[in-house]
1. At a Cα cut-off below 17 Å, give the aspartates and glutamates reachable from Lys152, other chains included and same-chain residues fewer than 8 away excluded.
2. Using +1 at the Cβ of each Lys and Arg and -1 at the Cβ of each Asp and Glu in the stretch 44-159, identify which of Asn108, Leu155, Leu89 lies farthest towards the dipole's positive end.
3. If you take the square roots of the eigenvalues of the alpha-carbon gyration tensor of the stretch 44-135 and sort them as a ≥ b ≥ c, do you get rounded (a/c under 1.5), prolate (a/b over b/c) or oblate?
4. Arg82 label point, 7 Å along Cα→Cβ, cut-off 20 Å on backbone N: hits in the stretch 99-119?
5. In whole Hz, with x marking every Gly and Pro, tabulate ³J(HN,Hα) for the stretch 61-73 from phi via Karplus 6.51 cos²θ - 1.76 cosθ + 1.60, θ = phi - 60°.
6. If you place +1 on the Cβ of every Lys and Arg and -1 on the Cβ of every Asp and Glu, how big does the dipole about the Cα centre of the stretch 41-148 come out, in debye to the nearest 20?
7. For Asp113, which sequence-distant residues (separation of 5 or more, or a different chain) have an amide H within less than 5 Å of its own amide H, given hydrogens modelled in the peptide plane?
8. Which order do the peptides 122-130, 68-76 come out in when sorted by mean C-beta neighbours inside 10 angstrom, highest first?
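The values are calculated or read from the model by the stated rules, or taken from the named source; none is laboratory data. On a predicted model such as this, the values are computed, not experimentally measured, just so you know. Neighbour counts are summed over all protein chains in view; Cβ atoms, including those assigned to glycine, are modelled from backbone coordinates with ideal geometry. We work out accessible area using only protein heavy atoms, side chains counted, and drop any ligands, DNA or RNA first. Shrake-Rupley method; radii C 1.70, N 1.55, O 1.52, S 1.80 Å.
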Amino acid sequence: MRRLRQTMLALTVSGLMLAIAGCANLANGLLQMQPRDVVALASTAKHAVMPISLEEEEQIGQEAAAVLLGASKPVDDPELQRYVNRVGLWIALHSDRPDLPWHFAVLNDNDIDAYAAPGGYVFVTKGLLLRLHSEAELAGVLGHEITHVVRKHHLKAIR
């Protein structure tokens with residue numbers, strides 16, 4: 001049982017690295033997989049049918065967030081970070097999973113993208129923020145990413 005959980009966690013983290021590339025980049029990552037990688041992933045995935053606990057989901061999210069933050073640091077603007085957290089938290093608290101420890105951050109990246117990770121982690125890039133025209137647009141982006149977390153899209157995709 002423990003080995004199965006470890007395999008499931010490894011699969012989840014591996015698959016999450018593909019999925020966390022963001023909505024716009026997910027298809028690219030999947031298209032670049034080698035056939036042997038797809039076969040290996042499918043072989044392992046058939047064992048990943050057990051539900052993941054909230055604690056495991058949060059751990060996966062923490063690991064994914066660490067990878068993202070290792071690739072792109074947060075914008076050094078505490079006021080902007082607080083603002084995005086306030087907007088995001090307001091939306092998340094009205095979702096079907098208000099109990100998650102939600103975290104929001106603006107990454108210092110000029111790409112136009114947003115990311116979500118299990119356990120309540122949501123990131124938007126500086127490039128995306130610069131293209132938005134209103135708080136409503138920010139709320140729309142954050143709501144989209146929050147929905148990925150609430151509906152457990154990353155975890156279901158890995159299964």
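1. Straight-distance partners of Lys152: Glu55, Glu56, Glu57, Glu58, Glu63, Asp96, Asp99.
2. Leu155
3. prolate
4. From the stretch 99-119, the list is 102-108.
5. Those phi angles translate into x, 4, 5, 5, 4, 4, 5, 4, 6, x, 8, 8, 6 Hz.
6. The calculation lands at about 120 debye.
7. So Asp113 has HN proximity to Thr125, Leu128.
8. 122-130, 68-76
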